[in-house]
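To start, the structure under review is shown below, and the notes come after it.
What follows is calculated from the coordinates using simple rules that are stated; it is not laboratory data. Treat the numbers as computed from the prediction; the structure is a model and nothing was measured. Here Cβ is always computed from backbone atoms with ideal geometry, including for glycine, and neighbour counts include all displayed protein chains.
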Amino acid sequence: MISRECSLNIKKGYRMQWEESQTGWVILFPEGMIQLNDTAAMILRQFQKPTVVHEAITKLEATFPGEEIQNDIFEFLEDACEQQWLEPTQ
Amino acid sequence: MNSNGSSPHNNPHQPFWLLAELTYACPLQCPYCSNPEDFASTRKRELNTAQWINALEQGRKLGAVQLGLSGGEPCVRQDLEAIMLAAREMGYYTNLLTSTVGLTRERIDRLQQAGLDHIQVSLQGADQRISRRFAGSDYFEHKLEMAKHLRAAGIPMVLNFVVHRHNLHQIEQVLELGMELGAEAVELANCQYHGWAMQNINALLPTRKELQKAEEAVSRFRQQHQAAMPILFVVPDLYEGRPRPCVNGWGTTLMSITPDGNVLPCQGAANLPGYAPCNVKQLSLENIWNNSPLFERFRGLDWLPQPCRTCDEKAQDFGGCRCQAYSLTGDAAATDPACSKSPQHASVLRLVEQAAQSPGDQLIMRSTQRNIINLNE
C-alpha cells in the first residue's frame, strides 16, 4: 500500500522520455517500451527524481484546481508500482 | 528506386527496434550463431564510426528508440564507447548484447558513463566445462567477474542462455546463477534452425521429453522463488505445431544493420536468395525502410501463400519465420513448416525424429577454419 509519506521514483534502469515520432511520453526499459497517455505521463513525470507522494499530489492538484483527484492519483500509483514503472526509493 | 530519398508511402510502421551488428568478429565459436556462415567476408568492409553514427541518426528520425548493439562481439570494436555516447545523446535506450569478452571493469565504467542502459550477457553453460565446450574457449570465470561488476555498477543485466540438448540439464543452475548475480531476468533462448544452427541441428535440438523436463524445472523454480526474477522460456517452435510471429511481423518493428551496412528486416535475412539487401552507404534508411524490395517482399499479409491466406491465425504469426521456411523448404515465401498446417510439416517431424535418433555428438564450431568437436572426447 502506498502512503502519502512514501518516496517513489521511476524504476532503476527505466527511463521516461518524450518521443517526437509519437508525439508522446514513453517509458523505456530493457528491450521494451510503453506508450503513456497524457494523464499517466503527467503523474509519472513527477517521479523522475525521488519524490514524496504528498508533494507530487500537491503539484498535480495545482494543475487541476477544484477537482478531487487524490484517489485517482493513489489508484494510478498503486498500479504503476505493480507494473514496476515506479519503485519505492532505495 | 529513387536514390535521393522518397517520401514514405502507405507505411504506418516505425522501426522501434534498431539492431546494429557492429562486427561479425567474435572470439567465441558458438555452433548456433545466427551470423551468416560467411561472416568473415565483412571484416574488411565494416562501417566506420562516422558511418555508424550517421546510420543511427537516420534511425532515430525514423522513430527507432531501442538500440541493440550486437555482432559477433560488439566489444571487439574499439569505437564502441564513441558509438554508445552518440546513441545516448540521440535519445536511444541502449542495449549491449555481449559475451563480455573484451570487457574489463574499467571498460564497463566507461561504457556506463557513455550511456549504457542495459546489458545482455550470454552464457554458454552453467559451469566451466560446458561453457568451454560451446564457446570454444575458457570464458566462464570472466563472465562471472564482469557480471559482478555490472551488478555493483547498477547496470541492469539480463542473462541469455541458449538451450540445447547438451545443456538443458543445467537450467536450474543457470537460474540459480541468475539470482546470485542479481540478474533482472533470465532468457532461456532457443535456436532458429538456419545457418550454423541448422548445420548442427542434430547436436542441438532437444527431444520433446527433454524439453518437458526443462519446463518442469522452470516451473518449480518460479514457484520456489515466487517469480522474483522473470524467466523467459519458449519451447522451440518445431515442437509447438505453430510458428513464431517472427520479428513481430516483417518490416513492422525491427530494422537490422549488418557490419557492412546492409539493412535487413531480420538478422537472418542476409542469406535469403533473390532480394539483394540495400546498403546504408548508398541509400537513406528512410528510403530503405519504406521502399526496399526486401522489406516490401513480406510486409503485411497480402503476400501470404495458402494455407496462411485463409487461416484465422495469420494476424498472430504472419506465417512464421522466413529464414526457417527457406532453410527447411527451399522457399522463403512458403508457410513456415513449423506450423502443423503447412503441407511440409512432415519434413519438420522427420528432422526432429532424425535429431532424436542421432547421437548428436559432433559440433561444427563457428569458425573460418573447419573446426569440428567431438563431444565424447
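Where the centre of each part is set by its Cα atoms, how far does the stretch A:1-31 sit from the stretch B:16-84, in angstrom?
28 Å
Once you keep just the Cα pairs under 8 angstrom separated by 6 or more residues, what percentage relative contact order results for chain A?
In percent, rounded to a whole number, it is 38.
Hey, rough spin-label estimate for residue A:49 and residue A:34, points 7 angstrom out along Cα→Cβ, what's it come to in nanometres?
2.4 nm
Using +1 on the beta carbon of Lys and Arg, -1 on that of Asp and Glu, and nothing else charged, what's the dipole of the stretch B:232-341 about the Cα centre, debye to 20?
Dipole of the stretch B:232-341, to the nearest 20 debye: 80 debye.
Using 1/(1 + (r/R0)^6) with R0 = 45 angstrom and r between the beta carbons of residue B:113 and residue B:209, what's the FRET efficiency to the nearest 0.05?
So the FRET efficiency works out to roughly 0.40.
Quick one, could you list the DSSP H helices from chain B stretching 30 Å or more along their long axis (Cα atoms) with average Kyte-Doolittle hydropathy of 0.5 or above?
none
Going 7 Å from the Cα of residue B:79 in the Cα-to-Cβ direction, what parts of the stretch B:258-286 have a backbone nitrogen less than 14 Å from that spot?
Inside the label zone: B:259-261, B:281.
For the stretch B:169-263, what relative contact order do you get, as a whole percent, if you take Cα pairs closer than 8 Å and at least 6 residues apart?
With pairs under 8 Å counted, the relative contact order is 33 percent.
Please compute the volume of the convex hull spanned by the alpha-carbon atoms of the protein assembly as shown and report it per residue in Å³.
Working: hull volume 76.0 nm³, N = 467.
In the protein assembly as shown, the Cα convex hull volume per residue is 163 Å³.
Give the Rg/Rh ratio for the stretch B:14-102, taking Rg as the radius of gyration of the Cα atoms and Rh as the Kirkwood radius, to two decimals.
Using Cα coordinates only, the ratio equals 0.96.
Along Cα→Cβ, 7 Å out, is where each label goes; now give me the distance between the ones at residue B:104 and residue B:235 in nm to one decimal.
Modelled inter-label distance: 4.7 nm.
Identify the residues of the stretch B:158-195 with backbone N under 17 Å of a label point that sits 7 angstrom from the Cα of residue B:356 along the Cα-to-Cβ direction, or state none.
So the set is B:165-166.
Using 10 Å bins from zero, what percent of all Cα-Cα pairs in chain B falls into each bin?
Bins of 10 Å from zero give 5, 23, 32, 28, 11, 1 percent of pairs.
Under 27 Å Cα to Cα from residue A:59, which lysines show up? Leave out anything in the same chain fewer than 8 places away.
A:11, A:12, A:49
At 7 Å along the Cα-to-beta-carbon direction for both residue A:18 and residue B:275, put a label point, then send me their distance in nm to one decimal.
So the label points at residue A:18 and residue B:275 sit 3.7 nm apart.
For the stretch B:127-144 and the stretch B:213-228, what is the separation of their C-alpha centers, rounded to whole Å?
Using only Cα atoms to place each centre, the spacing works out to 25 Å.
Could you work out the relative contact order of the stretch B:294-377, using alpha carbon pairs under 8 angstrom and six or more residues apart, expressed as a whole percent? Kindly include the intermediate steps, with their values, before the conclusion.
Details: 82 pairs, mean separation 13.5, N = 84.
With pairs under 8 Å counted, the relative contact order is 16 percent.
Grab every C-alpha pair in the stretch A:38-88, bin the distances at 10 angstrom width from 0 up to the longest one, and report whole percents.
Histogramming the stretch A:38-88 at 10 Å steps yields 24, 64, 12, 0 percent.
Only sites in a loop by DSSP and with at most 16 other Cβ atoms within 10 Å count here; which GluC sites (Glu not before Pro) in the stretch A:1-81 make the cut?
Taking the stretch A:1-81 and a limit of 16 other Cβ atoms within 10 Å, the loop GluC sites (Glu not before Pro) found are A:5, A:31, A:67, A:68.
In terms of Cα to Cα distance under 20 Å, which lysines are near enough to residue B:44, apart from those fewer than 8 places away along the same chain?
Output for residue B:44: B:281.
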